[in-house]
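The values are calculated or read from the model by the stated rules, or taken from the named source; none is laboratory data. The shown structure was predicted, so the numbers you read here are calculated from the model rather than taken from an experiment. Because the Cβ atoms are built from the backbone with ideal geometry, glycine has one as well, and the counts that use them run over all protein chains shown. Areas reflect the complete protein model, heavy atoms only, side chains present, ligands, DNA and RNA absent. Shrake-Rupley method; radii C 1.70, N 1.55, O 1.52, S 1.80 Å.
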Amino acid sequence: MKKIFTLLVISASLVSCQDYLDVIPKGKFIPQTLQDFEELSSNPSYASTGNATLERLSDGIYLSDAQVNSSINTSNSKTYMWAPEFYLNTENDNGWNPMYNNIYNANIILEHIPNFSAEPQDRVNVVKGDALCNRAFAYSNLILLYAPVYNPQTAAQDLGVPLLTVPDLESKPSRATIKEVYDLILRDLQEAIPLLPLEAKNVYRNNQTGAKAMLARVHLQMGNYSEALRLANEVLQVKSTLVDYNTFSFVTPAKPHSGITNKPKPEADPEAFAYRITNSGTILTGSCISPDLLSIIDKKDLRFKFGWSNLEFNGTPTKEPYPVYLRSELNYNIGVPEMMLIAAECYARSGKTSEALTLLNNLRKKRFAPADYKLLTATAAEDALKLVINERRIELFGRGQRWLDMKRLDKDQLFAQTYKRANTGADYTLEKGSLKFVQQIPAKVLLMNTNMVPNPR
């Protein structure tokens with residue numbers, strides 16, 4: 001795998017005026033053999049380019065005024081401030097560039113894979129399935145950042161992102177519609193599933209269950225709740241493993257930041273269907289839990305105990321107004337808890353309160369000490385749905401999902417709200433219905449490609 005990974009690193013500096021998408025072109029090594037394409041299709045870049053700035057956009061964190069001001073002109077602070085734009089026209093967008101790089105490489109594979117018809121079909125199928133799955137994952141991230149929420153009434157007109165299915169760096173593409181982008185995502189995943197193995201060789205390769213879990217996530221984002229429920233239940237039939245937080249303990253209790261014993265690393269996560277991390281795993285370091293998120297977490301919840309602390313790294317009491325995040329590698333895996341929460345939301349939205357609560361309570365049993373665990377109850381589906389959304393906020397914190405929930409729930413009358421940071425030195429507010437829920441197309445891309453229409457501001 002080393003030579004393919006080196007290709008991507010070397011080529012990172014080869015940006016020319018023709019790269020209208022600001023995509024990284026091919027480097028000096030050109031894949032030729034089936035093994036080359038196998039390595040390219042399972043490159044770590046596909047799994048490790050999760051957009052860490054999503055955590056700064058989330059309403060679950062608090063940064064002090066001093067922290068915000070220390071990087072006021074960077075995307076780290078601009079995202080927290082919910083600024084109209086995050087990047088200058090001289091900067092690369094961390095949500096755009098890595099995804100289009102992955103799409104470019106996936107398209108190289110899909111263009112050349114028909115040339116290997118004489119090779120063992122099972123090997124060829126897996127390479128193709130991996131490429132399709134990786135391309136779908138990249139587009140699912142792009143469409144959620146740079147386009148409005150999927151609306152079946154307007155999706156055929158709403159602008160999405162440029163849709164590339166061949167490795168062409170010379171074109172000046174315009175933006176496809178949201179419908180066209182989602183059609184490709186669904187088609188890629190549906191085609192990939194039967195090509196993929198039940199179990200992948202390693203965490204950098206895709207499998208059938210992981211692709212179905214990804215498809216369930218996409219259908220939830222589109223509001224296709226019956227299909228999301230079907231797929232979530234289907235993958236939970238294959239695996240329903242939950243990590244018991246009662247097995248965790250601090251390496252040094254007096255210094256909680258020193259580490260947590262028995263907490264699995266993302267690459268060895270028994271809950272995972274698909275391995276995904278971010279290349280900026282320290283982005284939450286020094287942040288605090290927001291008072292809003294703090295208000296909905298039971299202080300006996302082990303996710304709170306092992307997630308935040310009133311002590312600093314040296315063990316002294318924090319001077320921050322809220323508990324400090326315990327540094328750990330961000331885990332963007334698509335896993336069992338997320339599928340349980342997808343199913344629970346779909347049940348609640350269809351009026352099946354009992355089924356939704358059963359899933360929530362089964363998850364929470366592994367997140368509380370037995371003496372502290374209490375059943376959640378609700379008499380109405382609407383109340384059950386509110387419990388599900390709260391549970392998503394807690395369980396999926398630091399997994400790149402809250403901003404996307406904030407965006408889709410802004411179109412839901414039950415959850416739409418104005419968000420406001422707790423900072424006192426400045427007013428950081430995201431109004432209900434704000435255009436800023438849609439991230440701006442990178443200024444660098446707009447500068448190089450006049451066919452690219454910016455998002456309204």
Mind checking which residues of segment 258-271 are closer than 20 Å to Glu55 by Cα and either exposed (fewer than 14 other Cβ atoms within 10 Å of the Cβ) or touching a Ser or Thr at 6+ places or on another chain (Cβ under 9 Å) (or both)? Lys265
Would segment 167-175 turn up any residue that is among the charged types (D, E, K, R), more than 30 Å from Lys265 (Cα to Cα), part of a helix (DSSP H, G or I) and modelled with pLDDT of 95 or more? no
If I filter segment 438-450 for residues that are assigned to a loop (DSSP other than H, G, I, E, B) and surrounded by fewer than 17 Cβ atoms within 10 Å (Cβ to Cβ), do I get at least one hit? yes
For segment 289-303, which positions are touching a helix residue (DSSP H, G or I) at 6+ places or on another chain (Cβ under 9 Å), under 16 Å from Gly60 (Cβ atoms) and open to solvent by less than 30 Å² (accessible area, probe 1.4 Å)? Ile289, Leu293, Ile297, Asp301, Arg303
One residue is enough: does segment 321-337 have a residue meeting the conditions assigned to a helix (DSSP H, G or I) and either modelled with pLDDT of 95 or more or of a type outside the set (Ser, Thr, Tyr) (or both)? yes
What pairs can you find where one residue is in segment 287-303 and more than 29 Å from Ser71 (Cβ to Cβ), the other is among the polar types (S, T, N, Q), and their Cβ atoms are less than 8 Å apart, with a gap of 6+ or different chains? Leu302/Asn246
I'd like the full set of residues that are in contact with a His (Cβ under 8 Å, 6 or more places away or on another chain) and surrounded by fewer than 18 Cβ atoms within 10 Å (Cβ to Cβ), limited to segment 226-257. Glu227
May I ask you to list pairs of residues, at least six apart or on different chains, whose Cβ atoms are under 9 Å apart, with the first in segment 417-428 being touching a residue at least 12 places away in the same chain (Cβ under 8 Å) and the second being in a loop (DSSP other than H, G, I, E, B) and open to solvent by 70 Å² or more (accessible area, probe 1.4 Å)? Gln417/Lys432; Thr418/Glu431; Thr418/Lys432; Tyr419/Glu431; Tyr419/Lys432; Arg421/Asp427; Ala422/Pro321
Name, by its number, the condition in (1) among the aromatic types (Phe, Trp, Tyr); (2) open to solvent by 60 Å² or more (accessible area, probe 1.4 Å); (3) under 25 Å from Glu345 (Cβ atoms) that does not hold for Tyr275. (2)
Considering only segment 196-251, state which residues are closer than 16 Å to Ala47 by Cα, in contact with a Cys (Cβ under 6 Å, 6 or more places away or on another chain) and not small (Gly, Ala, Ser). Asn206
What number goes with the only condition from (1) modelled with pLDDT under 75; (2) among the hydroxyl-bearing types (Ser, Thr, Tyr); (3) crowded, with 20+ Cβ neighbours inside 10 Å that Thr53 does not pass? (1)
Inspect segment 93-108 for any residue being of a type in the set (D, E, K, R) and surrounded by fewer than 24 Cβ atoms within 10 Å (Cβ to Cβ) and give the result as yes or no. no
What's the number of the only condition in (1) part of a helix (DSSP H, G or I); (2) open to solvent by 20 Å² or more (accessible area, probe 1.4 Å); (3) at pLDDT 95 or above; (4) farther than 24 Å from Pro194 by Cα that Asn76 fails to meet? (3)
